[in-house]
Amino acid sequence: MISTAIRLARVGSGSELAAAILMMLGYPCVMVAALVPDIWFFAAATAVTYIADWFLHQRGSYLVNRLGKVRAGLSIRFLLRQLMIILLLARLDLSQEPLFYAAVACFLLFYGLQAPHGALTTLIRLRRTLPIVTRNVDLHSIRIPDGPPRALLHRASEKMLHLDLPAVVGVLIAAGTGEDVIGYAGAALTLVLALGYNAVLVPYLRRNRRAPSAPAVLKALDTWLGEYQPTVVLYFSGSSESAYQGNMWLDTMAAVEGRPLIVMRERNLVSQLADTAVPVVCVPAGTHLMNMDLSSVRVCLYPANVGKNIHMLRVPTMKHVFIGHGDSDKLASVNPYSKVYDEVWTAGRAGRDRYALADVGVRDEDIVEVGRPQLAPIETWSGTTRNPVPTVLYAPTWEGWDDNPGNTSLLLAGENIVRRLLKADSPVRVIYKPHPFTGIRSAKAKAVNARIENLIATSAQQRAADPRWVKEAAAAAAGQAEAKAELVRIEGRLAELAKPGRAGADESEASRLSLADPARQTEITTLRAEWNDAYWRSFGWWEHKTVTGSQPKLYDCFNQSDAMVSDISSVVSDFIASGKPYAVTDSAELGADEFKRQNTAVRAAVILSNSAAEIDELLRSVADPASDPLAEGRHELKTYLLGPDEPTSMEQFNAAVLALAAKAETRNAGVAQRVGGQQPPAPLPDAEAASSGAGDGTAEIIAEADAAVDPDEPDAPEADAGIGAGPTTVR
């Protein structure tokens, strides 16, 4: 029943639900206490509403957004409390007393001071917002001053409203004790603090505190582009959950032949980008992007099929390539949209055959097999288990945008898979790593995911108390404590390296300070490797674990496991690179033969039904590799799906980049010759730009500033807006 209430209220936990209930009950109680009147009941109910409201905001609860949509936003809730205090004073027969008028005057003045405060914070944000966000780009030709301390602008509206506390407390104490001077002091303190908050914001409107104008910034960017002369671009756009799609290509871009550049479109994704030495430019406005000087670029790589790709696809002087963010038998891997690109790069022969079978308009001569450079970190199976207890990774994909039962094993088979692994005759360690998108569309998938995590946690606790493992735990305790201490040290140092400059620097400062630093990047890479090693040493090799977040990476989980259970997704194709046994669930119940016919990547897999009764077959392959009937099939499938081991994938990738760049040069030279030896000008924005969401960037910046001022107000954008327009996901 509680879980149903949590789902219906759209809150993230039982504590959020409790806080929401207390806040909802608190306001009627405040009104009743004011009418009775009972000053101590009023004070207690008021305190509950303050605390519950604060807790929900700290948690970023979805309910806060919903309250704003029904005209019960943060400002209204504070105003309502203040009105109830006035009602309380009237019911206490204090309406003719100076304290009453002082309280009324205080709250009216305080409410009036919120307007200039909101205007100041909005103007500061607008004047501190650059039209672009950069990393590893030297914009030395413009001056970007330090911004205001983060404490002044972060949750500014909420902080301003909470300055009514001295007045509220003072008036209540004065009403209860008769000491009016306490009420006057509280009211005066509230007004002084509100005036002070406004006063400290004013200096940040001065010209020397503002960010440079958009034309100046864009000119500086073009100057840098002219000096750097990028040749290969990774163009990435997507929803807030899709950062992993770009992150998987960072190492490849760092090793690519030529001068790489990463172009992004969403500001919020820049902070989710992993550490990289490759220059990054985020250009939210389509018009700004289309006016950038990218004349030196010859190859543009696209990891996702999204609408904003059109702003780059219209540039004819470069060749456009769909590289995707995974290789699987899902329909997304043969999206008809792919035919807009000059070439489609697949890992191996399977990708080429997949397009031929789908017949979606992608010509065979436009497909190039380049391997999968990202798979270099995956270790090849030695033929023996890594630890005395075999580790099985369960990595299901998410539920997808429709209700096709074949999308994920999570809904119909997930709990059966995990239970059978946890109750296997011979002990098995389970690592559960759900897809980052799990639960964003389906409440049922989110609930199943939560139950599986609970199963894992409960079983881990039971195993910790099992006499069979107590001795192992005691022997490993010292090493685990040392590893945990090492994790704290490494995470502290990584936090120091993550954002150069002062703590709380805003986006504009980060663009100024985040310059390429080889020594820093080398240290980060070393620390990441040390962190990964310490993480796996921080708990026992027999302990079940749920792994979420960006660290440890999926491939690190591959290396720690001896087998895997997953779904039709790129995870399966990637895992095949290890040569280890794997199982895939036929959630749509096609039958093993038909399932293998339709999905290449499962031809060397143990096929599971939704009951997961076949899981023992997978475990036997791990326990006795010599009698594994699918070992040879996995080796052949690896070559078919991912290409040959030699030359390496990175070598194949670079060769494809150079070959396509040569085609772009040939095309550009031919066009220049046909128009009289002059290079044709880059295309200018046209009327179609408006309909494609291009714009000049002003509306986008204003919308961001409005949302940042008070995200729970009725006219603020919804927190989950845009999810439905996310990229087509392959995993």
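Computed values, structure above
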| quantity | calculated |
| --- | --- |
| Matching entry among Ser409, Ser426 (being in the same structural domain as Trp469 (by TED's automatic domain parsing) and over 26 Å from the mean Cα position of the chain (by Cα)) | Ser426 |
| Residue identified as touching a Phe, Trp or Tyr at 6+ places or on another chain (Cβ under 7 Å), in the same structural domain as Arg620 (by TED's automatic domain parsing) and part of a helix (DSSP H, G or I) among Leu455, Leu487, Leu497 | Leu487 |
| Of all residues in the range 331-357 being among the hydroxyl-bearing types (Ser, Thr, Tyr) and closer than 20 Å to Leu660 by Cβ, the one that is surrounded by the fewest Cβ atoms within 10 Å (Cβ to Cβ) | Tyr337 |
| Residue match in the range 502-509 (condition: of a type in the set (A, V, I, L, M) and more than 17 Å from Ser271 (Cβ to Cβ)) | no |
| Output for the range 364-386, where each listed residue is farther than 19 Å from Leu641 by Cα and in the same structural domain as Val340 (by TED's automatic domain parsing) | none |
| Of all residues making up the range 341-385, the number that are in a helix (DSSP H, G or I), in contact with a strand residue (DSSP E or B) (Cβ under 6 Å, 6 or more places away or on another chain) and of a type in the set (Asp, Glu) | 1 |
| Test: residue in the range 88-111 that is crowded, with 21+ Cβ neighbours inside 10 Å and among the charged types (D, E, K, R) | no |
| The range 226-254 - residue that is of a type in the set (A, V, I, L, M, F, W, C), over 20 Å from Lys319 (Cβ atoms) and not in a loop (DSSP other than H, G, I, E, B) and, of those, nearest to the chain's Cα centre (by Cα) | Ala243 |
| Residue in the range 86-108 that is among the β-branched types (Val, Ile, Thr) and part of a loop (DSSP other than H, G, I, E, B) present | no |
| Yes/no for Arg620 being closer than 22 Å to Pro427 by Cα and among the basic types (Lys, Arg) | yes |
| Criterion: basic (Lys, Arg), surrounded by fewer than 16 Cβ atoms within 10 Å (Cβ to Cβ) and outside the structural domain of Ser333 (by TED's automatic domain parsing) - qualifying residue of Arg603, Arg528, Arg537, Arg597 | Arg597 |
| Any hit, the range 649-664, residues being free of Cβ contacts under 8 Å to residues at least 12 places away in the same chain and in contact with a helix residue (DSSP H, G or I) (Cβ under 8 Å, 6 or more places away or on another chain) | no |
| Yes/no for Arg386 being at pLDDT 90 or above, surrounded by fewer than 24 Cβ atoms within 10 Å (Cβ to Cβ), on the phi < 0 side of the Ramachandran plot and among the charged types (D, E, K, R) | no |
| Extreme residue, modelled with the lowest pLDDT, among residues of the range 296-310 that are surrounded by fewer than 24 Cβ atoms within 10 Å (Cβ to Cβ) and β-branched (Val, Ile, Thr) | Val306 |
| Residue list for the range 540-552, restricted to those being touching a residue at least 40 places away in the same chain (Cβ under 8 Å), assigned to a loop (DSSP other than H, G, I, E, B) and crowded, with 18+ Cβ neighbours inside 10 Å | Gly540, Trp542, Glu543, His544, Val547 |
| Residue that is touching a residue at least 60 places away in the same chain (Cβ under 8 Å) and farther than 27 Å from Ile524 by Cα, where the choices are Arg468, Arg463 | Arg463 |
| Verdict on Ala485 being without any contact (Cβ under 8 Å) to a residue 12 or more places away in the chain and either under 21 Å from the mean Cα position of the chain (by Cα) or exposed (fewer than 14 other Cβ atoms within 10 Å of the Cβ) (or both) | yes |
| Number of positions in the range 133-185 that are among the hydroxyl-bearing types (Ser, Thr, Tyr), touching a Lys or Arg at 6+ places or on another chain (Cβ under 9 Å), surrounded by fewer than 18 Cβ atoms within 10 Å (Cβ to Cβ) and not in a loop (DSSP other than H, G, I, E, B) | 0 |
| Extreme residue, surrounded by the most Cβ atoms within 10 Å (Cβ to Cβ), among residues of the range 632-661 that are part of a helix (DSSP H, G or I) and acidic (Asp, Glu) | Glu651 |
| Ile456 vs. criteria touching a His at 6+ places or on another chain (Cβ under 7 Å), in contact (Cβ under 8 Å) with a residue 24 or more places away in the chain and surrounded by 17 or more Cβ atoms within 10 Å (Cβ to Cβ) | yes |
| Single condition Asp506 does not satisfy, out of (1) out of contact with any Gly (no Cβ under 7 Å at 6 or more places or on another chain); (2) at negative phi | (1) |
| Residue among Ala623, Ala682 that is in contact with a helix residue (DSSP H, G or I) (Cβ under 9 Å, 6 or more places away or on another chain) and at pLDDT below 90 | Ala682 |
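Here's the yes/no breakdown for (1) at pLDDT 80 or above; (2) acidic (Asp, Glu):
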position	(1), (2)
Asp517	no, yes
Glu523	yes, yes
Ile568	yes, no
Ala577	yes, no
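The values are calculated or read from the model by the stated rules, or taken from the named source; none is laboratory data. Predicted model only: the values in this text are computed from it and were never measured. Reconstructed Cβ throughout: ideal geometry from the backbone, glycine too, with neighbour counts over all protein chains shown.
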